[in-house]
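Take a look at the structure below.
Any read-out appearing in this document is the output of simple, stated calculations on the displayed coordinates, not a laboratory observation. The structure displayed is predicted, hence computed values, not measured ones. Glycine also receives a Cβ, built like all others from the backbone with ideal geometry; neighbour counts cover every protein chain displayed.
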Amino acid sequence: MKAKDTKKRNDYIVEQFLSPNNRTMQDIGDEFGISRERIRQILKDNNVSATAGGATARGKLRREREEQELADRTERRYYRTYGCDEKTVREINGGRELSNNRSPAARYKFYKWNLKRLQGLECAMSLPEWYSVWQKSGHYSDDSLRTQYGMVVVDKTKPVTADNVKIMKVKNAVNRNKDWYDG
């Protein structure tokens with residue numbers, strides 16, 4: 001084989017190995033009637049790592065795709081549960097674990113669960129909206145939040161949004177409509 005033809009062949013081998021279809025060294029060797037080892041040597045001569053293409057590259061692409069799918073599923077779960085992305089939930093939670101009963105995320109989930117269980121109402125507020133209602137009330141940081149204040153729905157015929165809830169003393173909330181919800 002002439003040097004010019006060899007150069008073209010070697011360039012083609014490198015191109016095929018690094019191409020998006022990720023051909024293996026064995027596939028390329030079979031095409032040219034040469035061994036997989038000779039393909040490896042040609043790749044090495046052209047400064048191409050054996051891990052840059054073929055089955056290794058397919059495995060790497062598969063792992064990257066699986067990691068992205070997991071990240072997407074996690075993000076969808078955060079939006080379904082909290083109405084916002086994971087970063088926002090963690091910022092609101094202030095570094096506390098999501099399962100910590102005193103964390104805003106856990107209290108929000110409990111509020112939504114109680115609202116549905118006790119009154120059959122769906123909460124249309126996201127975690128940031130719910131947290132904002134509490135922050136504006138000035139009662140969220142109260143250590144005795146669970147026993148002194150609750151979030152009540154003002155008009156049960158309307159969606160449960162930030163405009164349709166109020167933070168009240170528990171005693172007032174119970175007297176007002178015989179049910180109250182803890183934040």
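Summary of values
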{"quantity": "Distance between modelled label sites at ARG38 and ALA162, nm, 7 Å Cα→Cβ extension", "calculated": "7.0"}
{"quantity": "FRET E, pair ASN21, ASP72, Förster distance 25 Å, beta-carbon r, rounded to 0.05", "calculated": "0.50"}
{"quantity": "Charge tally in the Cβ shell below 11 Å around LYS44, where Lys, Arg are +1 and Asp, Glu are -1, LYS44 excluded", "calculated": "0"}
{"quantity": "Packing rank of 151-158, 11-18, where each peptide gets the mean count of other beta carbons within 10 Å, highest leading", "calculated": "11-18, 151-158"}
{"quantity": "Residues LEU121, LEU70, sorted so that the one with the fewest Cβ neighbours within 10 Å comes first", "calculated": "LEU70, LEU121"}
